[in-house]
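Below: the structure, in structure tokens.
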Amino acid sequence: MKTVKATESAAAGADHHRFMTQAMLEARKAADIREVPVGAVIVFKNRIIARGHNQVELLSDPTAHAEMICLSAAYGYLGEKYLVDCTMYVTLEPCPMCAGALVWSKLGKLVFGAQDEKAGACGSLFNIAAHQSLNHRIEILHGIMELESEALIQSFFKRLREESQPGQSGR
């Protein structure tokens with residue numbers, strides 16, 4: 001399997017947009033608490049069953065990525081560790097840690113917004129989620145609300161840089 005840029009039907013595109021909008025809301029929650037703005041939702045039978053946003057700083061836990069928090073919530077909701085019939089929507093391409101967790105959970109499909117050229121493990125830098133040597137490969141679709149996802153991350157880091165400049169008020 002390979003990573004595919006979004007080009008699905010209008011109906012599928014509308015569903016992808018609807019669920020990615022919810023992931024963006026989660027990303028904004030992260031930004032509001034000064035976390036890197038990444039958000040995720042997991043969908044099962046066309047219903048959101050789990051939500052998550054980055055909480056690395058809040059929890060002082062480098063594993064508290066949006067995807068990991070979302071996965072834990074989905075396991076709890078379904079009462080099982082495999083998510084074969086689920087789709088995760090996440091605003092930024094998962095890192096190696098998260099991609100590995102997605103493979104171990106046997107996630108059915110991954111849809112993400114922005115690619116991460118520095119740490120992406122679902123097609124940009126690596127492709128752990130669809131690696132032929134692993135026992136599970138995830139169907140991957142990217143580019144849903146890509147510009148919005150990129151803009152949110154860029155504005156977050158711009159704000160951090162401005163706040164760290166001497167003489168800035170920090171607002």
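If you roll a 1.4 Å probe over region 121-171 with all protein chains in place, what percent of the accessible area is carbon or sulfur? Mind showing how you got there, number by number?
Numbers: 1610 of 3180 Å².
Of all accessible area on region 121-171, carbon and sulfur atoms account for 50 percent.
If you build a Gaussian network model of the chain, linking Cα atoms that sit under 10 Å apart, which residue out of GLU67, GLU57, GLU150 swings the most? Per the Cα network of the chain with a 10 Å cutoff, GLU57 tops the list.
Each principal axis of the Cα atoms in region 84-146 has its own extent, and those three values, largest first, are 28, 22, 16 angstrom.
For region 27-122, would you read off the P(r) tail past 20 Å as a percentage of all alpha carbon pairs?
28
Other residues within the sphere of radius under 10 Å centred on the Cβ of ILE138, judged by their own Cβ, net out at +2 (K and R +1, D and E -1). Highest GNM mean-square fluctuation, the chain, Cα pairs closer than 10 Å: which of GLY76, GLY120, GLY143? Among GLY76, GLY120, GLY143, the largest GNM mean-square fluctuation belongs to GLY76.
The values are calculated or read from the model by the stated rules, or taken from the named source; none is laboratory data. What you are looking at is a predicted structure, and each value in this text was computed from that prediction instead of being measured. Don't worry about glycine lacking a Cβ; one is built from the backbone with ideal geometry, like all the others, and counts go over all protein chains shown. What goes into the accessible areas is simple: the full protein's heavy atoms, side chains included, and nothing from ligands, DNA or RNA. Shrake-Rupley method; radii C 1.70, N 1.55, O 1.52, S 1.80 Å.
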